[in-house]
Amino acid sequence: MNPANVAQYTALPCVATIGGSWMLPAKTIRTGDWGYISHLAHEAIALTKQQC
């Protein structure tokens, strides 16, 4: 799953939530850039709200 195909998953009636490694890039974790990780999580939330 990635931002480009979130809509395909959220359109399925059996999908209640989404997630993916794209929200937690290894380099971002290593550098402790929690602000960017938070930004990616907020983007994921926005993507799912567009589908509701």
Given the structure, is I37 in contact (Cβ under 8 Å) with a residue 12 or more places away in the chain and either among the basic types (K, R) or out of contact with any strand residue (DSSP E or B) (no Cβ under 8 Å at 6 or more places or on another chain) (or both)?
-> yes
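Mind checking which residues of the stretch 1-44 are part of a helix (DSSP H, G or I), among the β-branched types (V, I, T) and open to solvent by 80 Å² or more (accessible area, probe 1.4 Å)?
Quick first cut of the stretch 1-44, residues part of a helix (DSSP H, G or I) only: 3-10, 21-23, 26-31, 34-44.
Of the ones still in play, those that are also among the β-branched types (V, I, T) are 6, 10, 28-29, 31, 37.
Within the stretch 1-44, just T31 meets the criteria.
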Inside the stretch 11-23, can you point out the residues that are touching a helix residue (DSSP H, G or I) at 6+ places or on another chain (Cβ under 6 Å) and either of a type outside the set (V, I, T) or at pLDDT 85 or above (or both)?
-> M23
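The values are calculated or read from the model by the stated rules, or taken from the named source; none is laboratory data. Predicted model only: the values in this text are computed from it and were never measured. Please note: Cβ atoms are built from the backbone with ideal geometry, for glycine as well, and neighbour counts cover all protein chains shown. Only protein heavy atoms, including side chains, enter the accessible area calculation; ligands, DNA and RNA are left aside. Shrake-Rupley method; radii C 1.70, N 1.55, O 1.52, S 1.80 Å.
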